[in-house]
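Input: a single structure, listed below in C-alpha cells.
The values are calculated or read from the model by the stated rules, or taken from the named source; none is laboratory data. In this text the structure is predicted, and so the values were computed from the model without any measurement. FYI the Cβ positions are ideal-geometry reconstructions off the backbone, even for glycines, and counts take in every protein chain you see.
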Protein chains: 2
Amino acid sequence: MTVIFSKKCEYGMQAILYLAAREKGNLVSSDEISKVLKIPREFISKILQSLRESGLIISNKGKSGGFGLAKDPSRIKLIDVVAAIDGLDIFDSCVLGFPECSPTHPCPVHETWGTLRTQAYDMLNSETVDKLKDKTLNKISSL
Amino acid sequence: MTVIFSKKCEYGMQAILYLAAREKGNLVSSDEISKVLKIPREFISKILQSLRESGLIISNKGKSGGFGLAKDPSRIKLIDVVAAIDGLDIFDSCVLGFPECSPTHPCPVHETWGTLRTQAYDMLNSETVDKLKDKTLNKISSL
DNA sequence: TTATAATCGGATTATTTTATCCGATAAAAA
DNA sequence: TTTTTATCGGATAAAATAATCCGATTATAA
C-alpha cells in the first residue's frame, strides 16, 4: 500500500472542512461528524481532541456541546491540519528514501520531485477551509 | 507520520537504480546491495524476490549468484517498481480520503490535486533507470 | 437539583507494515 | 565430490498505525 497522508490526517481534514461547511454558530457533536463522514466515532473523537490541542478547533462538554472552528474559516488552511497531525516531514524528505537527500547530495530525482513537492505544499497552503466551503457542501451531500 | 511510498517501495527503487548503475554483466548479491544502500539484509532480499516475481529483475542461486536487471535499463521505469510493490492506487484515490471521489462526485480539491497527481505519475513514468544512471552513481558515492 | 448528553483521556485491542530467523535449495569453485 | 556462497521461502517478531472500550468529567436543559 501507499499513502500520502495518514488516516488520522485525512479524517482530520474532512472533519475540519465539515465544521467550516456546517457552521451556523452552534457546535457540532463528534457523533454527527462520525455519522455524516462515516468515520469510526471513537477515532474521530481522538482526532478532534488533538486538533483542539493544536488550537484549530474548540470544544465544549455537556449537553449541546461539541466542536467548532477556533478562528475564522478564511484563516484555516489544509496545511494547518497536515502540520498538526502528520507534520510537514513529507515536504522535506526524499521520495526514494535516501538519507541526507539535499542540494549537495541529491537523489536521482531530487530537482524534478522537488518541484512537485513545492506545488503540493503551495496548494495546501493556499486552500482555506472557507474557500472550499461550497465544494465541501456539495461533496457531503453525496455521502 | 506521512509517507508517499512504503519502505518496501523506496528500497525497491533504490535497489533497481543500484543494479542499473552497478551493472557490468555480472550479478550483484543482496548482501552487497544491503551494505551499500544500508538496507536490512533479510528485508531487501524479500523485496528483490518480489521484484523478480514481477519480472523486473532476474536472479541466480549459488556461488557468484545474485541479482540483475531482467531487461534493458532503458526499458525499466520507476513507475514499474511502484506498480509492482505499492500498486498504482495512489494515483487514483482521494487525497482527503473521501470515498468515491470522482469527476461526478469530486472532493473539494479534486481538480487541483488531480493535476499534481498526473504530473507525479508522468514523471515516474518517464524516468528510466538508464536515464538516472549517472545521478545514481553520484548519490551512491556519498552514502 | 436531577437527568441527559456531550467531551475527555487512559488503557486496550486489532491490523498493517517493517524487520528478522533459519532451514532448504542450488550452483559454482576448489 | 565436497565445500563454499548465494538465493528461496515459510514462520515469526517488533513496531507503527488504526480502531475501540469505558469510566470520569462537565455543562445544559428539564
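What residue, among those in segment A:50-63 that are surrounded by 14 or more Cβ atoms within 10 Å (Cβ to Cβ) and within 14 Å of the chain's Cα centre (by Cα), is nearest to DNA strand C (Cβ to nearest atom)? Show your work before the answer.
Applying the first criterion (surrounded by 14 or more Cβ atoms within 10 Å (Cβ to Cβ)) to segment A:50-63 yields A:50-52, A:54, A:56-59.
Restricting the remaining residues to those that are within 14 Å of the chain's Cα centre (by Cα) gives A:50-52, A:54, A:56-57.
Values: A:S50: 9, A:L51: 9, A:R52: 5, A:S54: 12, A:L56: 12, A:I57: 9 Å.
Per the stated criteria, the residue is A:R52.
Tell me which residues, restricted to segment B:21-54, are facing chain A (nearest Cβ under 10 Å) and not charged (D, E, K, R). Explain how you work it out, then say what you get.
Going through segment B:21-54, the residues facing chain A (nearest Cβ under 10 Å) turn out to be B:21, B:37-39.
Once the filter is applied, which keeps residues that are facing chain A (nearest Cβ under 10 Å) and not charged (D, E, K, R), segment B:21-54 yields B:A21, B:L37, B:I39.
Looking at (1) facing chain B (nearest Cβ under 8 Å); (2) more than 30 Å from A:L56 (Cβ to Cβ), which is the one condition that is false for A:E111?
The one condition A:E111 does not meet is (1).
Could you please let me know if B:G87 is out of contact with any helix residue (DSSP H, G or I) (no Cβ under 9 Å at 6 or more places or on another chain), more than 14 Å from B:L19 (Cα to Cα), within 14 Å of another protein chain (Cβ to nearest Cβ) and not charged (D, E, K, R)?
yes
Look through segment A:1-19, keep the residues that are touching a helix residue (DSSP H, G or I) at 6+ places or on another chain (Cβ under 7 Å) and within 15 Å of A:G55 (Cα to Cα), and return whichever of them is surrounded by the fewest Cβ atoms within 10 Å (Cβ to Cβ).
Checked segment A:1-19; the qualifying residue surrounded by the fewest Cβ atoms within 10 Å (Cβ to Cβ) is A:A15.
Taking into account only those residues within segment A:1-39 that are near DNA strand C (Cβ under 9 Å from one of its atoms) and β-branched (V, I, T), which is farthest from A:R117 (Cα to Cα)?
Just the residues of segment A:1-39 that are near DNA strand C (Cβ under 9 Å from one of its atoms), to begin with: A:1-3, A:27-34.
Those left that are additionally β-branched (V, I, T): A:2-3, A:28, A:33.
Working: A:T2: 17, A:V3: 15, A:V28: 34, A:I33: 31 Å.
The qualifying residue farthest from A:R117 (Cα to Cα) is A:V28.
Among (1) under 27 Å from A:D86 (Cα atoms); (2) at pLDDT 95 or above; (3) not polar (S, T, N, Q), there is one condition B:R52 misses while meeting the rest; what is its number?
Going through (1) under 27 Å from A:D86 (Cα atoms); (2) at pLDDT 95 or above; (3) not polar (S, T, N, Q) one by one, B:R52 breaks only (1).
Take the residues in segment A:108-130 that are of a type in the set (D, E) and out of contact with any strand residue (DSSP E or B) (no Cβ under 9 Å at 6 or more places or on another chain); name whichever of them is nearest to B:A20 (Cα to Cα).
Narrowing segment A:108-130 to residues of a type in the set (D, E): A:111, A:122, A:127, A:130.
Checking the rest, the ones that are also out of contact with any strand residue (DSSP E or B) (no Cβ under 9 Å at 6 or more places or on another chain) come to A:111, A:122, A:130.
Details: A:E111: 20, A:D122: 34, A:D130: 49 Å.
Only one residue fits best here, namely A:E111.
What are the pairs with Cβ atoms under 6 angstrom where one residue, in segment A:81-110, is free of Cβ contacts under 8 Å to residues at least 24 places away in the same chain and the other, located anywhere, is among the hydroxyl-bearing types (S, T, Y)? Sequence gap at least six, or different chains.
A:H105/B:S142; A:P108/B:T136
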